[in-house]
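One structure is given below, encoded as structure tokens.
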Amino acid sequence: MNDIYESPLATRYASKEMLYLFSADMKFKTWRKLWIALAESEKELGLDISQEQIDELKQFKDTINYDVAKAREKEVRHDVMAHVYAYGVQAAKAKPIIHLGATSCYVGDNTDIVIMDQAIELIKGKILNVMDKLASFAIQYKSMPTLGFTHYQPAQLTTVGKRACLWLEDLWMDMMDVEHLISKKRLRGVKGTTGTQASFLNLFDGNHEKVLALDELVAEKMGYQKTYPITGQTYPRKLDAQMLGVLSGIAQSAYKFSNDIRLLQNLKEIEEPFGKHQIGSSAMAYKRNPMRSERISALARYVITTSLNPAITASTQWFERTLDDSANKRIAVSEAFLAVDAILNIYMNVMDGLVVYPNVIHQRIMSELPFMATETILMEGVKRGGDRQELHERIRIHSMAAGKQVKMEGKPNDLIERIIEDDCFKITEEEINELLKPENFIGRCVEQVEAFIEEHISQLLKDNEEILGKSAKLEV
């Protein structure tokens with residue numbers, strides 16, 4: 001439909017897998033799974049529920065009568081009760097026991113947790129695929145010198161691979177946060193209206209052991225080993241804040257990568273992929289804009305600011321629950337996951353087609369290396385019998401002159417030629433060129449890349465190799 005608003009996250013950016021997790025089908029089918037799990041568990045613990053009723057619930061678990069639910073919600077203004085009613089229309093024999101003893105948050109909140117847990121698993125897989133591509137890139141270019149920058153001013157040399165490890169390390173830190181979230185996952189469970197389990201205690205005639213067992217049984221049937229020990233009406237809204245805090249961290253890492261690529265593309269050293277028929281500018285046909293990296297930056301900024309929403313919501317819940325979380329979290333949580341999913345898809349796509357231009361990189365190094373090599377040249381001159389103070393002054397004079405020529409006259413850096421012609425240094429062109437090999441100035445870059453990947457990345461990738469090797473195709 002072209003006459004109503006549609007979120008660009010759905011129409012342009014997020015993957016089908018992530019979109020499904022936040023779809024109506026995923027939500028309401030999970031509600032029905034939870035109702036089945038509750039009924040089965042209550043039956044197992046002795047309540048008067050027949051197998052025929054359970055079977056009827058299972059018969060209609062995936063065929064949701066949305067039209068009935070929608071019409072009912074208009075009447076009762078309550079989404080859960082509308083779907084209880086709709087399920088009962090289909091499963092007439094089971095109607096009396098659907099949602100028995102439960103509050104709305106039994107299905108609503110437990111479903112939200114299930115969706116977020118599956119979404120963070122999907123995010124984990126995509127982070128690992130990006131990390132795999134970055135690790136391969138880092139190893140491939142571990143020895144290629146490139147000009148390093150601090151304050152975006154020329155600094156000492158690094159290597160292309162070592163710089164890629166900065167991006168990789170950020171994601172490695174994010175992965176630890178993701179795995180921590182996954183390791184402590186819990187369902188809200190069966191806690192009742194204000195978290196006291198009073199309704200279930202009544203159902204089981206005051207039998208505390210059966211109430212505890214019900215909580216455990218439902219969690220187990222839904223694939224969880226633990227539930228939150230204490231809740232109000234909802235699961236702790238702190239969970240949403242923690243989830244989006246981790247998503248914000250991933251967005252920050254991708255943002256840094258995308259900004260670096262945008263700067264490198266301006267320098268013509270590294271470029272993101274550019275399609276055969278892609279148009280960079282409607283006016284300037286020659287342009288190759290880094291639109292994929294710019295899109296990462298744009299979406300990352302959205303995620304970082306969106307992560308404030310659940311933090312404020314968690315801070316402002318009243319006692320056992322207040323409903324001002326609902327509309328906010330419907331938007332903030334889903335869109336943060338959709339946006340990070342899109343970010344990682346673009347990140348994968350960029351890494352699959354990243355182009356490196358060694359000649360441009362080398363040219364830039366050689367325009368700056370003479371200044372960086374002055375200490376080495378100074379020491380070499382002293383070894384040949386020169387006076388350290390006198391040579392230092394000669395280098396200072398030559399450096400100032402060469403710098404003026406570069407900045408004021410737009411000419412090449414001729415510092416090395418000036419030093420060769422200066423008899424104080426007693427050094428030949430061949431000797432100074434040997435000193436000026438870029439690989440002499442990269443320190444332990446190669447060793448750092450190899451050690452980092454071997455000690456911290458390789459095993460992680462090996463443990464997850466069954467989900468590696470994926471690529472992402474962009475729709476727009």
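Efficiency by 1/(1 + (r/R0)^6): what FRET value for residue 140 and residue 238, r their Cβ-Cβ distance, R0 = 60 Å, to the nearest 0.05? Please report the intermediate quantities before stating the final value.
Working: r = 42 Å, r/R0 = 0.70.
So the FRET efficiency works out to roughly 0.90.
Pick out, from 405, 363, 252, the residue whose Cα sits farthest towards the positive end of the charge dipole of the chain, with +1 on the Cβ of Lys and Arg and -1 on the Cβ of Asp and Glu.
252
Divide by every residue of the chain the summed helix terms, -39500 (n - 2.57) for each DSSP H run of at least 4, and state the resulting mean residue ellipticity at 222 nm, rounded to the nearest 500 deg cm²/dmol. Walk me through the numbers on the way to the answer.
Working: 20 runs with 296 residues, N = 476.
That calculation yields -20500 deg cm²/dmol at 222 nm.
Tabulate in residue order the Karplus-calculated ³J(HN,Hα) for region 311-327, using 6.51 cos²θ - 1.76 cosθ + 1.60 with θ = phi - 60°, rounded to whole Hz; enter x for Gly and Pro.
Once rounded to whole Hz, the list reads 5, 5, 4, 4, 6, 10, 5, 9, 6, 7, 3, 9, 7, 6, 7, 5, 4.
Remind me, relative contact order of the chain in percent, using alpha carbon pairs under 8 angstrom and six or more residues apart?
Values: 604 pairs, mean separation 89.2, N = 476.
Taking the mean separation of contacting Cα pairs over the length of the chain, I get 19 percent.
Which far-off residues, 5 or more places away or on another chain, put their amide H under 5 Å from the one on residue 187, with H placed in the peptide plane?
Answer set, sorted by chain and number: 226, 227, 228.
Using each residue's phi in region 365-375, evaluate 6.51 cos²θ - 1.76 cosθ + 1.60 at θ = phi - 60° and report the 3J(HN,Hα) Karplus result to the nearest Hz, with x for Gly and Pro.
So the J values, rounded to whole Hz, are 4, 6, 7, 10, 4, x, 5, 5, 8, 4, 5.
Viscosity 1.306 mPa s, temperature 10 °C: what is the translational diffusion coefficient of the chain from Stokes-Einstein with a Kirkwood Rh over Cα pairs, rounded to a whole number of µm²/s? It would help to have the intermediate numbers written out before the result.
Working: Rh = 26.7 Å.
Estimated via Stokes-Einstein, D reaches 59 µm²/s.
As a footprinting exposure proxy, order 214, 9 by other Cβ within 10 Å, with the fewest listed first. Intermediate values should be presented prior to the final figure.
Working: 214 24, 9 21.
With the sparsest Cβ surroundings first, the list reads 9, 214.
Can you spot the aspartates and glutamates whose alpha carbon is less than 14 Å from residue 93's alpha carbon? Ignore those fewer than 8 places along the same chain.
Leaving aside aspartates and glutamates fewer than 8 places away in the same chain, those within reach of residue 93 are 48, 52, 55, 56.
Starting from the 7 Å offset along Cα-to-Cβ, what nm value, one decimal, do you get for the label separation of residue 266 and residue 451?
For residue 266 paired with residue 451, the spin-label model returns 3.4 nm.
Across region 147-158, in residue order, what do the Karplus-derived ³J(HN,Hα) couplings come to in whole Hz, using 6.51 cos²θ - 1.76 cosθ + 1.60 with θ = phi - 60° and x for Gly and Pro?
My calculation for region 147-158 gives 6, x, 10, 10, 6, 6, 10, x, 10, 6, 6, 10 Hz in order.
Dipole of the chain, Cα-centred, from +1 at each Lys and Arg C-beta and -1 at each Asp and Glu C-beta, to the nearest 20 debye? Write down the numbers at each step before the final one.
Numbers: 59 positive and 68 negative charges, 236 e Å.
Result for the chain is approximately 1140 debye, rounded to the nearest 20.
Order by neighbour count: 347, 224, fewest other Cβ atoms within 10 Å first, most last. Write out the running numbers ahead of the final one.
Working: 347 28, 224 19.
Ordered from fewest to most neighbouring Cβ atoms within 10 Å, 347, 224 come out as 224, 347.
Of 165, 105, how do they rank once you tally other Cβ atoms within 10 Å and put the fewest first? Let's see the in-between values first.
Details: 165 26, 105 23.
Starting with the residue having the fewest Cβ neighbours, the order is 105, 165.
Would you grab the residues whose amide H sits under 5 Å from the one on residue 146? Only those 5+ places off in sequence or on another chain, please, with H modelled 1.01 Å from N.
Distant-sequence amide H within range of residue 146: 158, 159, 160.
Read the figures in this text as sums done on the coordinates, not as results from a lab. Just so you know, these numbers come straight off a predicted model, no measurement behind them. We place every Cβ from the backbone using ideal geometry, glycine too, and count neighbours over all the protein chains shown.
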